[in-house]
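Since every read-out is calculated from the coordinates, none of them should be taken as a lab result. Everything numeric here is computed off the predicted structure, so don't read it as measured data. Because the Cβ atoms are built from the backbone with ideal geometry, glycine has one as well, and the counts that use them run over all protein chains shown.
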Amino acid sequence: MSTDLNIRNKKAYFEFHILEEFTAGVQLLGTEIKSIRDGKANINDSFCAFLNKQLYIRNMHIAEYSHGSFYNHEAKRDRILLLNKKELAKLKAKTEEKGFTIIPLKIFVNNRGFAKVLIGLAQGKKIYDKRETLKDRDSKIEMDRAMKR
């Protein structure tokens, strides 16, 4: 039942150093999971934050389901991320340090049909790090072109 969803946060790897990755479940409504399975979600501007000892994903856009009628969901509401207590404690401790944040990297549906979010503990890159990333990407493209010739 695993579908090939390709909902990724492409800016995340450019803007941040990803130090650690976690897989978290998401508490969704019925019309939200249907929209995600259709591939109608966006996590480019989203981030994760702790509110009342729970981790929430904020600013994640899930388009309204086309056949949802009046049961449809709000497109940009806060959604609870489901992690175990040890992982939550570790993330909370790290985010209280200066310079660390939690960002969503990818949304996927697992074999059992549940939507999961790959989140990363991240540290912001400096401008020179971003330039280095661009140089690496350009050199990789050049090498690929040379190999094809």
(message) As a quick test, which of the pairs 53/135; 116/148; 11/94; 76/116; 90/140; 11/98 have an alpha carbon distance above 29 angstrom in this structure?
(response) 53/135; 116/148; 90/140
(request) Pull up all non-local amide H partners of residue 7: gap of 5 or more, or a different chain, and H-to-H distance under 5 Å with H placed in the peptide plane. (result) 107
(message) Amide H of residue 82 versus every other amide H placed in the peptide plane: which residues, excluding those fewer than 5 positions away on the same chain, fall under 5 Å?
(response) 25, 26, 27
(message) Show me the ranking of peptides 14-27, 115-128, 86-99, 132-145 by mean Cβ neighbours inside 10 Å, starting with the highest.
(response) 115-128, 14-27, 86-99, 132-145
(request) Go through (i) 40, 34, 26; (ii) 53, 42, 25; (iii) 37, 32, 29 and flag the label whose value is the computed Cα extents along the principal axes in Å for this structure. (result) (ii)
(request) Could you list which residues have their amide H under 5 Å from that of residue 61, counting only those 5 or more apart in sequence or on another chain, with H placed in the peptide plane? (result) 42
(request) Pick out, from 88, 27, 108, the residue whose Cα sits farthest towards the positive end of the charge dipole of segment 7-148, with +1 on the Cβ of Lys and Arg and -1 on the Cβ of Asp and Glu. (result) 88
(message) Viscosity 1.567 mPa s, temperature 4 °C: what is the translational diffusion coefficient of segment 31-115 from Stokes-Einstein with a Kirkwood Rh over Cα pairs, rounded to a whole number of µm²/s?
(response) 92
(request) Could you state the angle between the C-alpha long axis of helix 85-96 and the longest principal axis of the C-alpha atoms of the chain, as a value from 0 to 90 degrees rounded to the nearest 10? (result) 60
